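Trainee: Before I ask anything, here is the structure I am working with.
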Amino acid sequence: MALMATRTKLFRLLTTLTTKAPILGSGSCSNGVKGLVRVDRGGGLGLTAYSTSAVAQQEPGVVGSRHMGLEILGVKDYEDYRRSLYGEITHKALLVDAVGTLVVPSQPMAQIYRKIGEKYGVEYSEAEILNRYRRAYEQPWGRSRLRYVNDGRPFWQYIVSSSTGCSDSQYFEELYNYYTTNKAWHLCDPDAEKVFQALRKAGVKVAVVSNFDTRLRPLLQALNCEHWFDAVAVSAEVEAEKPNPTIFLKACELLGVKPEDAVHVGDDRRNDIWGARDAGCDAWLWGSDVHSFKEVAQRVGVQV
């Protein structure tokens, strides 16, 4: 009984020592490759990144308490605590965000929109396309409570036409199909395959959890990485988008594990960290708590 009480208090403290600060700008992967990423990803066609330094500037009091809390508890202390409960391997499952964590766009969105759109009469500059994209994406999507329903075409048609001023159906289809190819994306961590193989060999199940339309599975196949995962939970199929806990619970159900036995890794504080913790999972922020999948494996207790 005392152990459960201690566990609950520790979990609450860890989950409250977190803050968010949305900053428009460029994000980077652990391998140094810089790319444009955003919140509520589904096709990787926009950008919003989180900046730890920005958090420090905007909310020094909150960040100070977070660092003080982590200093008192210590990451190692928490890992030792989990090992005391679960054994040497701290989690039975790893859930991984797609865009911004597993994969990133190979070129800036506005550059692709303009490059492909030139032959269809798109005249806006990349900066103008980007600004219009931001405005369109921030508007409520009135046709559904979900942005990515099935193949997501209605939502993306709205985004593309709003961003470029071009409603040509051929332009949209070319752009839409481009983002299903391996030309549009690359892996964030070049060691990902080796790490996932080691995790699965050690008995840790691995799943992708992503706000994406039904192009995600073909995209994973195009990148030749779909076989790395035991399950894929896509918001368009689950009919729930992060941070809704439902999508994390579905991933755990597909893997046959309890939420408390899983850890989710993603680059979005609200969608990935808060959402996963609301579902009862552990959660680590990519680019802050962990910087590579090798580091993720080591924290789980698997050596690569």
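Trainee: What accessible area per residue, rounded to a whole number of Å², is obtained for segment 117-274 using a probe radius of 1.4 Å? Display every interim value, and only then the final one.
Mentor: Working: 7090 Å² over 158 residues.
Accessible area per residue: 45 Å².
Trainee: To continue, here is another question. In whole Hz, with x marking every Gly and Pro, tabulate ³J(HN,Hα) for segment 186-192 from phi via Karplus 6.51 cos²θ - 1.76 cosθ + 1.60, θ = phi - 60°.
Mentor: Listing the rounded values in order: 9, 5, 6, 10, x, 8, 4 Hz.
Trainee: Go ahead and run the numbers for FRET between Glu128 and Lys194, Cβ-Cβ distance against an R0 of 45 Å, rounding to 0.05. It would help to have the intermediate numbers written out before the result.
Mentor: Working: r = 42 Å, r/R0 = 0.94.
Result of the calculation: an efficiency of 0.60.
Trainee: Also, I was wondering about something else. Calculate, in nm to one decimal, what Arg270 and Arg153 gain on full extension: separation in residues at 0.36 nm each, minus their alpha carbon distance.
Mentor: Working: separation 117, 0.36 × 117 = 42.12 nm, distance 2.52 nm.
Extra length available between Arg270 and Arg153 comes to 39.6 nm.
Trainee: Related question: Along segment 99-112, what does the Karplus equation 6.51 cos²θ - 1.76 cosθ + 1.60 (θ = phi - 60°) give for ³J(HN,Hα), rounded to whole Hz, x for Gly and Pro?
Mentor: Rounded to whole hertz, the list is 6, x, 10, 7, 10, 9, x, 7, 9, x, 3, 4, 5, 5.
Trainee: Can you give the FRET efficiency to the nearest 0.05 for Lys258 and His291, using r as the Cβ-Cβ distance and R₀ = 30 Å? Kindly include the intermediate steps, with their values, before the conclusion.
Mentor: Numbers: r = 28 Å, r/R0 = 0.92.
Efficiency at R0 = 30 Å is approximately 0.60.
Trainee: Just the number, please: carbon plus sulfur as a percent of the accessible area of segment 246-302, 1.4 Å probe, no ligands or DNA/RNA counted. Mind dumping the intermediate values first?
Mentor: Details: 800 of 1790 Å².
Heavy-atom surface of segment 246-302 belonging to carbon and sulfur, 1.4 Å probe: 45 percent.
Trainee: Now a separate question. Suppose each label sits 7 Å from its Cα in the direction of the beta carbon; what would the Glu138-Leu85 distance come out to in nanometres?
Mentor: My value for the distance between the label points is 3.9 nm.
Trainee: Please list the non-local residues whose amide H lies under 5 Å from the amide H of Ala283, H modeled 1.01 Å from N, same-chain partners needing a gap of 5 or more.
Mentor: His264
Trainee: Explain nothing, just compute: Karplus ³J(HN,Hα) = 6.51 cos²θ - 1.76 cosθ + 1.60, θ = phi - 60°, for every residue of segment 281-286 in order, whole Hz, x for Gly and Pro.
Mentor: Rounded to whole hertz, the list is 8, 6, 7, 10, 7, 5.
Trainee: Could you calculate the FRET efficiency of Gln111 with Gln221 from 1/(1 + (r/R0)^6), where r is the beta carbon distance between them and R0 is 22 Å, rounded to 0.05? If you can, show how the numbers build up before the last one.
Mentor: Working: r = 25 Å, r/R0 = 1.15.
For R0 = 22 Å, the calculated efficiency reads 0.30.
Trainee: Give the long-range amide H neighbours of Lys205: residues separated by 5 or more places, or on another chain, with amide H under 5 Å away, using H modelled in the peptide plane at 1.01 Å from N.
Mentor: Under 5 Å from the amide H of Lys205: Ala93, Leu94.
Trainee: What is the packing order of peptides 172-183, 279-290, taking the mean over residues of other C-beta atoms within 10 Å and listing the highest first? Kindly include the intermediate steps, with their values, before the conclusion.
Mentor: Values: 172-183: 16.2, 279-290: 21.1.
Result, highest mean Cβ count within 10 Å first: 279-290, 172-183.
Trainee: Another question, if that's okay. Amide H neighbours of Cys188 under 5 Å, counting only residues 5+ apart in sequence or on other chains, H built in-plane at 1.01 Å?
Mentor: The answer is Val103, Val104.
Trainee: What nm distance separates the two modelled labels at Asn182 and Ser169, each placed 7 Å from Cα along Cα→Cβ?
Mentor: Inter-label distance under the simple model: 3.2 nm.
The values are calculated or read from the model by the stated rules, or taken from the named source; none is laboratory data. Not measured: the values here are computed from a predicted model. For neighbour counting, all protein chains shown are included, and Cβ atoms are generated from backbone atoms with ideal geometry for every residue, glycine included. Each accessible area value is taken on the protein alone, full model and side chains, heavy atoms only, with ligands, DNA and RNA left out. Shrake-Rupley method; radii C 1.70, N 1.55, O 1.52, S 1.80 Å.
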